[in-house]
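A short worksheet on the structure shown next.
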Amino acid sequence: MKPRNAEYIKNNKIKYETVVISICIFSAIVSNFGVSTIIKFSLPVLEIVYPVLIALVIMTLIGKHIKNDNAFKGAAYVTLFVSILSVSSNLLSLTQISDILNSLPLANLGFNWVVPAVIGAIVGGLIKTKEREEVVMENEEIEGYTYCPSTAQRCLNDCIGGGPVLSSAN
């Protein structure tokens, strides 16, 4: 059984063997740099990505209380922005940006992105999204599916209609 990526590579006219050989050669070259060099190059990327992932995981854990998906987007974008600023100010020795970021709450613990993420989530949650219009009208049938307005009719319509029911109530 081939990996899922093999189908993607196959459909785009790239030989699977070429990709595997390229990855092996790249890995062999990178492995000769040593752990300290690999960490030196990967650390900025990890410092940018980890805060965003942590924010999204925490929001996913409390996601049943979040009604608007824009809250996730707001938290992720603001966290990404703060992380990029933090890493770039450290790499480029930008003291003004570093001073601003260090003045944020929890900066002394390395969590200067938390308060901006919460603010981004709140602002994102306040932004309305377009609601999808209900395409199925009452008593309309679409390819063997029938619409019923109440969940009480679901079982009855499944048995009578011979298939699942589209319902507005979940």
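The values are calculated or read from the model by the stated rules, or taken from the named source; none is laboratory data. Note that the coordinates shown come from a computational prediction; the quantities given were computed from them, not determined experimentally. Note that we place each Cβ from the backbone using ideal geometry, even for glycine, and neighbour counts take in every protein chain shown. Protein only, heavy atoms only, side chains kept; ligands, DNA and RNA dropped before computing areas. Shrake-Rupley method; radii C 1.70, N 1.55, O 1.52, S 1.80 Å.
Given (1) surrounded by fewer than 15 Cβ atoms within 10 Å (Cβ to Cβ); (2) within 20 Å of the chain's Cα centre (by Cα), where does Ala55 come up short, assuming only one miss? If we test Ala55 against (1) surrounded by fewer than 15 Cβ atoms within 10 Å (Cβ to Cβ); (2) within 20 Å of the chain's Cα centre (by Cα), just (1) comes out false.
For the range 83-105, residues that are within 15 Å of Pro44 (Cα to Cα) and outside any helix (DSSP H, G or I) total 1. Across the range 1-33, the qualifying residues are those that are in a loop (DSSP other than H, G, I, E, B) and among the hydrophobic types (A, V, I, L, M, F, W, C), and the one among them that is modelled with the highest pLDDT is Phe33. Each residue in the range 63-85 was checked for being farther than 15 Å from Gly120 by Cβ and open to solvent by less than 90 Å² (accessible area, probe 1.4 Å), and 1 of them qualify.
Taking residues in the range 93-114 that are under 13 Å from Ser83 (Cα atoms), and partners anywhere that are open to solvent by 70 Å² or more (accessible area, probe 1.4 Å) and in a loop (DSSP other than H, G, I, E, B), the pairs with Cβ atoms closer than 7 Å and at least 6 places apart or on different chains are Asn112/Leu106; Val114/Leu106. State whether the residues of the range 34-50 include one that is closer than 20 Å to Gly125 by Cα and part of a helix (DSSP H, G or I). Looking for residues that are closer than 20 Å to Gly125 by Cα and part of a helix (DSSP H, G or I), one finds none in the range 34-50, hence no. Pick out the one residue from Val135, Val115 that is at pLDDT 85 or above, more than 19 Å from Val45 (Cα to Cα) and surrounded by fewer than 17 Cβ atoms within 10 Å (Cβ to Cβ). Just a single option satisfies the conditions, and that option is Val115.
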